[in-house]
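Structure first, then comments.
The values are calculated or read from the model by the stated rules, or taken from the named source; none is laboratory data. Predicted, not measured: the structure shown is a model, and the values here were computed from it. FYI the Cβ positions are ideal-geometry reconstructions off the backbone, even for glycines, and counts take in every protein chain you see. Accessible surface is based on the protein model in full, side chains and every heavy atom, while ligands, DNA and RNA are left aside. Shrake-Rupley method; radii C 1.70, N 1.55, O 1.52, S 1.80 Å.
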Amino acid sequence: MAHTASMAIGAGAMHLPVQSSIKPTRQSRTHRTSIVRCQAAADGPSTSGRPLNQQPQLVPEWAGKLWQSMARPVGVFSATCTSSFMIVPSLTGGSGPGNGSGGWGRGGGDGNSGGMPQGPVDPQSLFDLAAADDSEEVLPTEEPAGKVSGRSWKDLITPSEDEALEPGQRSGTNRCVEVVIEGWPSVGALPREAELRDMLNIQEGHIFDYQDIVDDRRRLETQYDEYISTVDIKTEFVDDKTNHQRVILKFQPYTFAGIEEIQIKGAILMPPKVQEAIITSCMPENVYKVDVGVMDKVREKIEKWYQDRGLPFCYVGYFDGMEEGKLRANVIEAKINDVRVRYSKMRQGDESEDTSYENGEVVPATRIIQSSGLKKGEHYHIDDGYDAMNNVYACGLLEDINIEPQQDMQDPSKINVVIKVEEVEPRSMEMDLDWTFQMKGMLPQLSRQALVPGGNVEISHENLFGDSQSLNVSLSSSDWRNPGADLGFQMSFTEPFYAPNTTRNVQVFNTRKTSPVFTSPVENEVPPVFVDRLGLKAWTSHVPGQDNKVEHSLMLQTVSTVDENGQPVAKGTKVARGYYADNGPATTLSGTGKDVSLSYQHFSAIDNVQFVNGNQLGTRMLFQVDQGLNLQLPLPGGRKIGPSGGIFNRCQATFTKFMQLPFLPNLTQDEVWIARKAPNTLVLHARAGNCVGDMAAYDYFTLGGPYSVRGYSYGELGACRRFLETAAEVRLPLKNVGLPGTAYAFMEYGTDLGSSRAVDGNPTEYYRKAGRGASYGAGMKLLGACRFEYARDCNAGTGNVFINWGERF
């Protein structure tokens, strides 16, 4: 390959065109030894003044030979460079403004040939030039016509590029004005020409030197050695006056002759029929001659098959067999070789922001590796990372988890997985305080009761017995002056690694909540009924993969219905004719205001919903069954022994689908990963339930509320044995237009399917509830999951503005 480069020695001193030849010395595809050795020799002074052949003189033969012996060292620039290429200089000079060309390292003349003088020269001028000293100035002397004046060698140097130049001399630095690419194969994963230009050290409009050419040549030869056979780089001047040059890169892709067949080797996971189909589709018309395009087509189809099945570490490692007449694609199906845990945390007293350490303080590394499900010798599937994160995170003792699979640098068939985790504090205590104000109009009203804080205190102790067990105690009250009046507490013990991907839990609890069954949307004064629950719950939670979950629990509890003063309430009441009427539905199954209940609960979730730049896509299905186990034995005298909660079965199912909004184009990969746009989504939701047997009113289904049918308060539509809810919501992420939050519009409907009449005492009719209702509206989601929305109550024909926290679906 011919390569012409203009080398500048000194500050505008000598512009020496160099003709070089670059030849690849190919060794191994993956291992190369690059040794660069450059040597420049200039035995004489630099010259760039007036050409000595401007005034031809008669000269004897011996003087001409003397001229050759003295002029040759002046323009010699020799360079030896050994890497994957070889540079051999040529001593050809640059062209002059006419038709002549320079020679022996000198610039051209006025249309005559440069280098050797074309006419006789007075030998005395040569001796005068050689004998001149280094003085600043040589006094002019009268010379006969046709003789060259004697001058110092310093006078031959042009001190600046800005000075007027003599004809035939180039000005300026080596600047690239154009990059020309020839023969580059734009196939498959190879960069396009525009991307290739950006990778080069030599850029249009910028100064470059010889080392930039060497670096670009070496980089292209090494990085794309499987596709490119040779890379030739040469430069050429674009005019006759400046050192502005055009850089030409010429590529020669591989072309193999004598190929008779295509083979796939090492693809153990790929069925033979798939291999045959790939080979047939990639076979060229002229199979005897195979180029890089065929190789890339084979590689692309093989790797796409693995990627579609979630195997990112299975790929084509290299091609061989060309010398045997076969194009053989060698597939690497990497397997897990090692799984390690790296703990990361900011430690007290350490100035560094992040500290990595090997041994965990809360969760041992062996437990994390065991629960991750990653095993040596197995292929790494992309879902394995998601499963490992969910399985490890299910223990509840880690704040952050990252799974980083890395290919082994020594053996590409091995994968080393690093699990980076951040543990929670071994011991912690949190306290939250809140104040409740009554609103009058749009202003809060201050009172002594409003200044009394409520809230909760939570204390946790992790790794209690050395195997990641944890104990958590939580206390809550609305009045810390008298917490015993409505004190709620929870004490939980968790064993996160009871079985593979399974957690065992025991909880003692006491809670108090207002029952939405005994409320009225139209009655002005209805005394609230509170449901107190004191009980013991034990359950196991199994996480089979990703966000899927299966729970089994057994619960024994005492349920009491009380008023706001803590007194038992056996029946619901309301104001009738100026006084409270206690002829409402029974609040408990026993009729005394207190029940004892034993029940079993099953909960399962199949969830593949994923967040795409803040918006959800996927499907979620939930199913829950509650079975009452309250068997009572009759005794003489009409009495019964056993829990009074009844024998019942209650089940409910939920289906939610998050999809990209139909009739609009789906986002492209570049819009998702580069522009970071979120999809416009349509949410379809349905929930249904049914119950049979003897149940207390506080356990029936209720309709209405921000998580049931929006636009209504909790339980405003009714209490029932069977129900159906449907909803549709359109979400438009405002981040796509540079604004925060998400705008959405919705429609919802709920009905009791006429089952309210089957509830003991029919609280729906007693409190004058509709039993069904619809709503629609719009809103904005800002500040995370804070929803500001307007909802229209279709029953009353009115609308209200609501502020709610948390996702609706």
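Hey, what does the equivalent ellipsoid look like for the stretch 661-723, semi-axes from the Cα gyration tensor as sqrt of 5 times each eigenvalue, largest first, whole Å? Before the final figure, lay out the partial values.
Values: eigenvalues 336, 33, 20 Å².
One finds semi-axes of 41, 13, 10 Å for the stretch 661-723.
Going through the stretch 666-729, which chymotrypsin sites (Phe, Trp or Tyr not before Pro) have at most 14 other Cβ atoms within 10 Å and a DSSP loop state?
Details: sites: Trp673, Tyr698, Tyr700, Phe701, Tyr707, Tyr712, Tyr714, Phe723; in loops: Tyr700, Tyr707, Tyr712, Tyr714.
Those that pass, being in a loop and sparsely packed, are Tyr707.
Skip the ligands, DNA and RNA, and give the accessible area per residue of the stretch 681-809 with a 1.4 Å probe, whole Å². Mind showing how you got there, number by number?
Numbers: 5510 Å² over 129 residues.
Here the per-residue accessible area is 43 Å².
Got a sec? What order do Asp215, Asp198 fall in by accessible area at 1.4 Å, biggest, i.e. largest, first? Walk me through the intermediate numbers first.
Values: Asp215 50, Asp198 120 Å².
If we order Asp215, Asp198 from most to least accessible, we get Asp198, Asp215.
Within the stretch 372-386, what residues put their amide N at less than 19 Å from the label point 7 Å along the Cα-to-Cβ vector of Val418?
Residues passing the 19 Å test: 372, 374-376, 380, 385-386.
For Val737 and Val177 in the same chain, what is the full-extension length gain: residue separation times 0.36 nm, less their Cα-Cα distance, in nm?
Working: separation 560, 0.36 × 560 = 201.60 nm, distance 3.95 nm.
Extra length from Val737 to Val177 when fully extended: 197.6 nm.
Obtain the nm distance between the two label points defined at Phe655 and Phe788 by a simple spin-label model: each point lies 7 Å from its Cα along the Cα-to-C-beta direction.
That separation, rounded to one decimal, is 3.6 nm.
According to a simple spin-label model (label point 7 Å from Cα along Cα-to-Cβ), what is the distance in nm between Val801 and Tyr600?
With each label placed 7 Å out from Cα toward Cβ, I get 5.1 nm.
Working out 0.36 nm times the residue gap between Met747 and Asp308, then minus their Cα-Cα distance, what length gain in nm do you get to one decimal? Intermediate values should be presented prior to the final figure.
Values: separation 439, 0.36 × 439 = 158.04 nm, distance 3.72 nm.
Answer, rounded to one decimal: 154.3 nm.
If you plug each phi of the stretch 492-509 into the Karplus form 6.51 cos²θ - 1.76 cosθ + 1.60 with θ = phi - 60°, what whole-Hz ³J(HN,Hα) values come out, in order, with x for Gly and Pro?
10, 10, 10, 10, x, 10, 5, 8, x, 6, 10, 10, 10, 9, 9, 9, 10, 9
Let's test the formula: R0 of 56 Å, r as the Cβ-Cβ distance of Ala538 and Thr280. What FRET efficiency results, to the nearest 0.05? Before the final figure, lay out each step's value.
On the way: r = 61 Å, r/R0 = 1.08.
Efficiency for this residue pair is about 0.40.
Report, in listed order, any pair from Lys273/Lys297; Lys301/Lys376; Lys513/Lys594; Lys265/Lys335 with a Cα-Cα distance greater than 20 Å.
Values: Lys273/Lys297 18 Å; Lys301/Lys376 28 Å; Lys513/Lys594 15 Å; Lys265/Lys335 17 Å.
Beyond 20 Å between Cα atoms: Lys301/Lys376.
Of the heavy-atom accessible surface of the stretch 716-755 (probe 1.4 angstrom), what whole percent is carbon and sulfur?
Details: 1120 of 1600 Å².
Accessible surface attributable to carbon and sulfur in the stretch 716-755 totals 70 percent.
What FRET efficiency, computed as 1/(1 + (r/R0)^6) with R0 = 41 Å and r the Cβ-Cβ distance, is obtained for Asp563 and Ala686, rounded to the nearest 0.05? Write out the running numbers ahead of the final one.
Working: r = 37 Å, r/R0 = 0.90.
Between Asp563 and Ala686 the formula returns 0.65.
7 Å from Cα along Cα→Cβ at both Val508 and His552: what's the point-to-point distance in nm?
Here the modelled spin labels are 2.6 nm apart.
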